[in-house]
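The values are calculated or read from the model by the stated rules, or taken from the named source; none is laboratory data. Quick caveat: nothing in here was measured; it's all calculated off a predicted structure. Quick reminder, even Gly has a Cβ in these numbers, built from the backbone with ideal geometry, and neighbours come from all protein chains shown.
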Amino acid sequence: MNTSGPISFELRNHLSELATLCEKMEAVGQTLGLPRRCLFEVNLALDELFTNIISYGFQDQSEHFIRVRVSAAPDMLTVVLEDDGVAFNPVERIPPDLPCTLDECKVGGLGIHLVKNLMDEVTYERRAGTNVLTLKKTIERS
Amino acid sequence: MEIVELKEGAVNTFKLQGRLDSNTSQSFEKRLMDAISDGAKNVIIDFKELDYISSAGLRVILKATKTIKRQDGKIMLCSMQDYVKEVFEIAGFDSFLPIVPTPEDAFKAF
């Protein structure tokens, strides 16, 4: 079992950075020896949150950086996501009505619904003009 | 992401490979919606080689399913890896989308 200090990286507010996020998380997965499924779920949660931040978070045209910090205890992965976009607390979002029929089904809010279901804990703080989201995920090693 | 499109008789199959996310969903949406507006009614989406899907990918499949239903068509999904299937289940999409184990099972449904 590998444990190590926090691993940090930054992503620009551009959709193409999703590929960078995936590469970085693959490397984190290797370093920490994360099971495939755990890595997939954390990747998906970060993808949804990152896509939301860059789609709705910034009202100017300048470049922004989204900071990701990953740390692991033997059975718990913690990921902190920070951005300086408009204040947005995804934890407060009302979940979509599920299950739904095809006609009723709306995709709004689905990303955050996935995040809440895939992670064990999601907490939000607004700290000095920064959105700070902390995700916790139990590492289930088979 | 790679998309291989096959037409066998009255069935259009899309084999997806790689990652279906916000970056790649637009090109898949275009291919799928083009086929449907060209009259495709029996569509199979084969997930065997798909490693990853996000809500952007779910959104494309939902839109295509609603559109094809209006022209009395049907979309079958097959060969999903467990963790991809889990995403459909959490989203509640498995309640109205047929997900079957193999392409043969999907063919039989038309």
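Structure notes:
- Residue count for the stretch A:124-142, restricted to those that are of a type in the set (S, T, N, Q) and surrounded by 13 or more Cβ atoms within 10 Å (Cβ to Cβ): 3
For every residue, the table says whether it meets (1) surrounded by fewer than 18 Cβ atoms within 10 Å (Cβ to Cβ); (2) of a type in the set (D, E, K, R); (3) in contact with a helix residue (DSSP H, G or I) (Cβ under 6 Å, 6 or more places away or on another chain); (4) closer than 16 Å to B:Ser79 by Cα.
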position: B:Ile3; (1), (2), (3), (4): yes, no, yes, yes
position: B:Lys7; (1), (2), (3), (4): yes, yes, no, no
position: B:Lys15; (1), (2), (3), (4): no, yes, no, yes
position: B:Asn23; (1), (2), (3), (4): no, no, yes, no
position: B:Phe28; (1), (2), (3), (4): no, no, yes, no
position: B:Met33; (1), (2), (3), (4): yes, no, no, no
position: B:Ser37; (1), (2), (3), (4): yes, no, no, no
position: B:Val43; (1), (2), (3), (4): no, no, no, yes
position: B:Lys48; (1), (2), (3), (4): yes, yes, no, yes
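- Of the residues making up the stretch B:94-110, those that are closer than 20 Å to A:Leu110 by Cβ, buried (at least 16 other Cβ atoms within 10 Å of the Cβ) and within 12 Å of the chain's Cα centre (by Cα) are B:Leu97, B:Ile99.
- Hey, B:Glu2 in contact with a Gly (Cβ under 7 Å, 6 or more places away or on another chain), away from chain A (no Cβ under 14 Å) and within 27 Å of A:Leu46 (Cα to Cα) or not: yes
- Of note, A:Ala45 satisfies the criterion of being out of contact with any Asp or Glu (no Cβ under 6 Å at 6 or more places or on another chain), within 14 Å of another protein chain (Cβ to nearest Cβ), at pLDDT 95 or above and not in a loop (DSSP other than H, G, I, E, B).
One line per residue, one yes/no per condition, for (1) surrounded by fewer than 13 Cβ atoms within 10 Å (Cβ to Cβ); (2) at the interface with chain B (Cβ under 10 Å from one of its Cβ atoms); (3) of a type in the set (Phe, Trp, Tyr):
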{"residue": "A:Glu23", "(1), (2), (3)": "yes, no, no"}
{"residue": "A:Glu41", "(1), (2), (3)": "no, yes, no"}
{"residue": "A:Ile66", "(1), (2), (3)": "no, no, no"}
{"residue": "A:Val70", "(1), (2), (3)": "no, no, no"}
{"residue": "A:Pro95", "(1), (2), (3)": "yes, no, no"}
{"residue": "A:Cys100", "(1), (2), (3)": "no, yes, no"}
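Residue-by-condition table, conditions (1) facing chain A (nearest Cβ under 10 Å); (2) not β-branched (Val, Ile, Thr):
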position: B:Asp46; (1), (2): no, yes
position: B:Glu49; (1), (2): no, yes
position: B:Tyr52; (1), (2): yes, yes
position: B:Gly57; (1), (2): no, yes
position: B:Thr65; (1), (2): yes, no
position: B:Met80; (1), (2): no, yes
position: B:Val87; (1), (2): yes, no
position: B:Ala91; (1), (2): yes, yes
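- Answer from A:Val115, A:Val91 - the residue that is within 14 Å of chain B (Cβ to nearest Cβ) and either buried (at least 16 other Cβ atoms within 10 Å of the Cβ) or within 14 Å of the chain's Cα centre (by Cα) (or both): A:Val115
- So B:Ala64, is it surrounded by fewer than 21 Cβ atoms within 10 Å (Cβ to Cβ), touching a residue at least 24 places away in the same chain (Cβ under 8 Å) and small (Gly, Ala, Ser): no
- The one condition from (1) in contact with a strand residue (DSSP E or B) (Cβ under 9 Å, 6 or more places away or on another chain); (2) aliphatic (A, V, I, L, M); (3) more than 19 Å from A:Lys137 (Cβ to Cβ); (4) more than 14 Å from every other protein chain (Cβ to nearest Cβ) that A:Ala27 does not meet is (3).
- Test for A:Glu82: is it within 14 Å of chain B (Cβ to nearest Cβ) and of a type in the set (D, E, K, R): no
- Residue count for the stretch A:33-42, restricted to those that are part of a helix (DSSP H, G or I) and either touching a His at 6+ places or on another chain (Cβ under 8 Å) or not acidic (Asp, Glu) (or both): 6
- Matching residues, the stretch A:1-11, being more than 14 Å from chain B (Cβ to nearest Cβ), under 23 Å from A:Phe65 (Cα atoms) and either part of a loop (DSSP other than H, G, I, E, B) or at pLDDT 95 or above (or both): A:Gly5, A:Pro6, A:Ser8, A:Phe9, A:Glu10
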